[in-house]
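Structure, as structure tokens:
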Amino acid sequence: MNKPIGLLDSGVGGLTVLKAVIDCLPNESIVYIGDTKRCPYGNRSKEEIIEYTLELVQFLMDQHVKMIVIACNTATAHTLEIVKNKVDIPVIGVIEPGSEAAVRLTKSKKVGVLATVSTVDSGFYEKSILGKDESIHVKSLACPEFVEIVEKNLYETVEAKKIVEKRLESFKTGNMDTVILGCTHFPLLTPFIQERLGIEVTLIDSGALTSYEVEKVLKEFKLDAKAPVTRTIDIYTTGPEKPFRTIAQNWLQTSELNVRAISLERLKLTHD
Ligand code: DGL
């Protein structure tokens, strides 16, 4: 079926998932929305996260998407079940693929999770990991300033390196061998996080794993695009278009992108 796949995030973070999806599924069209204006979600209340996410979901539904990927851990933690009950198309989040991989990979049975305040407080990763193997010890750390530095497009700077080092200073890994990047913004900081934690630690980026899940679901529901097609990648942001485009082009390295701003007023209008 040649309808687009819908992805949502609080900002640019979900582009790490988008990158994996467009690489893995070259025939699929995408509509992505990043709620830059109200980013970060990670410091917001559960009620706000639900309200905003449902607005993004409605926007994607209005674009006639055939499936929704909640490309945000914070929104996945608080809204996955709600969104699944709300729409009649397949919906997946990013937490299950990441925790499944961690359970499979850890030998030391010690797994770290770096995420937003809200995701850490939700305990969703622990629940998901312990539900698969209760002998695993999970240690989580909230890293809210990582989101900010990525949104500001400063993720390759010395300032970003310092922020990562400072936040991870007290994160004692011991014999922890696997760390989940439990926020879709964090893979953009991978070099600094890896340097700080050491090469013996495997970092899990849920993007690639989620893209395999997307492929599986599309096949299962017979929704996959029939080749050959000219796909489109439409990216919307509730913030200013230019900085979003710069990050998207730099990260995705493709000229296929159409980046547009959509005001919150218009987004809400489509929701009412
Ligand atoms: N990218 C998001 C996540 O995966 C949220 C970042 C934020 O808005 O705080 O959790």
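See the values below:
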| item | result |
| --- | --- |
| Subset tally (residues that are of a type in the set (Asp, Glu), closer than 26 Å to residue 150 by Cα and part of a helix (DSSP H, G or I)) for the stretch 215-245 | 1 |
| Residue match in the stretch 58-72 (condition: surrounded by fewer than 16 Cβ atoms within 10 Å (Cβ to Cβ) and without any contact (Cβ under 8 Å) to a residue 40 or more places away in the chain) | no |
| Cβ-Cβ under 7 Å pairs, at least 6 apart or on other chains, the stretch 180-200 side of a type in the set (Gly, Ala, Ser), far side in a helix (DSSP H, G or I) | 182/73; 182/98; 182/119; 182/125 |
| Any hit, the stretch 91-114, residues being free of Cβ contacts under 8 Å to residues at least 60 places away in the same chain, within 30 Å of residue 196 (Cα to Cα) and out of contact with any Ser or Thr (no Cβ under 7 Å at 6 or more places or on another chain) | yes |
| Candidates 208, 248, filtered to the one that is of a type in the set (A, V, I, L, M), assigned to a helix (DSSP H, G or I) and modelled with pLDDT of 95 or more | 248 |
| Among (1) in contact (Cβ under 8 Å) with a residue 60 or more places away in the chain; (2) out of contact with any Phe, Trp or Tyr (no Cβ under 7 Å at 6 or more places or on another chain), the one test that residue 38 misses | (2) |
| Subset of the stretch 79-97 (residues that are outside any loop (DSSP other than H, G, I, E, B) and near the ligand (Cβ under 10 Å from one of its atoms)) | 95 |
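The rows are residues; the columns are (1) surrounded by 24 or more Cβ atoms within 10 Å (Cβ to Cβ); (2) more than 10 Å from the ligand (Cβ to nearest atom).
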| site | (1), (2) |
| --- | --- |
| 20 | no, yes |
| 29 | no, yes |
| 33 | yes, yes |
| 44 | no, no |
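The values are calculated or read from the model by the stated rules, or taken from the named source; none is laboratory data. Treat the numbers as computed from the prediction; the structure is a model and nothing was measured. Ideal geometry is used to build each Cβ from the backbone, glycine not excepted, and the neighbour counts take in all protein chains shown.
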